[in-house]
Amino acid sequence: MLEVRSLTRRFQDLVAIDDVSFTVREGGLTGFVGGNGAGKTTTMRIVMGVLAAHGGEVLWQGRPMTAGDRRRFGYMPEERGLYPKQPVLDQLVYLARLRGMAAGPARRQVLDLLERFGLGERSAEPLEKLSLGNQQRVQIIAALVPPPRALVLDEPFSGLDPAAVDGMADLLRERARDGVPVIFSSHQLDLVDRLCDRLVVMARGRVVAAGTADELRAGGPVRYRLVLEGDAGWVRGRAGLHVSDVAGNEALLEVLEDGAEQLLLTEAVARGGVRDFSLVVPRLSEIYREVAA
């Protein structure tokens with residue numbers, strides 16, 4: 001298990017991250033979300049030892065993380081760091097060997113991953129001959145060889161086409177099923193919602209929400225969609241409710257007081273037909289806007 005405890009980092013007078021704490025569990029996929037400048041990349045760099053913290057600590061399996069631990073992690077940084085003129089296969093095998101893997105197993109694993117990402121026939125080409133999306137695939141493979149004990153990935157889905165996104169998502173699920181803690185940042189909130197079992201939301205250098213998607217949804221306002229046979233304008237001003245929107249016979253309502261929705265439904269039935277009255281399940285993007293505001 002990877003634990004981040006009370007991390008703080010300053011750049012002169014700017015506090016980039018402030019008392020950041022969260023846990024990435026074994027076998028779990030954790031989505032790390034937040035706007036530009038929220039502190040995600042700074043936090044990941046501290047986890048990987050690229051930056052020093054001015055406060056707090058990073059733990060691995062309940063003890064302070066060491067340089068040896070970090071060498072066994074798969075890390076994909078924000079700035080891609082591969083060699084543009086070196087053949088893809090050669091540099092991936094070279095990087096795997098730097099991390100302690102023998103040449104034969106490294107070559108076999110790299111070739112297997114290149115085939116999986118549709119790059120098997122291009123393994124002898126220099127990286128610079130590949131499209132940006134394919135270069136991204138190669139960068140991902142570099143984080144996966146040798147098999148990592150944990151994965152820390154900064155925007156791994158950036159620049160990938162839909163097929164590659166699906167392939168990458170399947171691969172991360174496989175690593176998680178093997179017990180590997182996985183944390184990745186992404187601006188693609190729908191993808192994070194679909195893929196991750198836990199979320200960490202950052203804003204202005206602090207963690208503003210953390211938990212499962214259901215836990216984050218439960219902490220937000222309760223909303224209902226009401227569809228009537230006739231005009232719904234009369235629902236405005238009802239006690240215990242906030243009417244977010246009314247359009248013809250349809251209204252979106254936020255419940256402010258327990259039981260207010262039942263009183264509304266009773267009145268709606270008395271006034272005429274009710275076509276639909278259902279709980280609105282918010283999307284992750286809506287939750288994010290609320291907690292990061």
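Just so you know, all these numbers are worked out from the coordinates, no wet-lab data involved. What you are looking at is a predicted structure, and each value in this text was computed from that prediction instead of being measured. Here Cβ is always computed from backbone atoms with ideal geometry, including for glycine, and neighbour counts include all displayed protein chains.
Data overview
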quantity: Nearest-20 debye value, the chain charge dipole, Cβ charges on Lys, Arg, Asp, Glu; calculated: 1300 debye
quantity: GluC sites (Glu not before Pro) lying in DSSP loop within segment 1-106, provided at most 15 other Cβ fall within 10 Å; calculated: 26, 78, 79
quantity: Dipole of segment 2-217, positive end: most advanced residue of 95, 139, 151 [Cβ charges, Cα centre]; calculated: 95
quantity: Cα centroid separation, segment 140-185 to segment 1-40 (Å); calculated: 19 Å
quantity: log10 of Debye I(q)/I(0), alpha-carbon scatterers only, for segment 221-291 at 0.27 Å⁻¹; calculated: -1.31
quantity: Dipole axis of the chain (+1 Lys, Arg; -1 Asp, Glu on Cβ), positive-most option in 39, 249, 109; calculated: 109
quantity: Low-density loop cleavage sites - trypsin sites (Lys or Arg not before Pro) in segment 191-268, where at most 13 other Cβ are within 10 Å (DSSP); calculated: 236
quantity: Other-chain or far-sequence residues with amide H under 5 Å of residue 180's (modelled H); calculated: 27
quantity: Full-extension gain in nm, residue 204 to residue 262, via 0.36 nm per residue minus C-alpha separation; calculated: 17.0 nm
quantity: Extension gain, residue 59 back to residue 277 (0.36 nm per residue minus Cα-Cα distance, nm); calculated: 73.7 nm
quantity: Sorted by Cβ neighbour density within 10 Å, fewest at the top, the residues 17, 287; calculated: 287, 17
quantity: Cα convex hull of segment 117-179 - mean projected area over all directions, nm²; calculated: 4.5 nm²
quantity: Span from the segment 266-282 Cα centroid across to the segment 233-253 one, whole angstrom; calculated: 11 Å
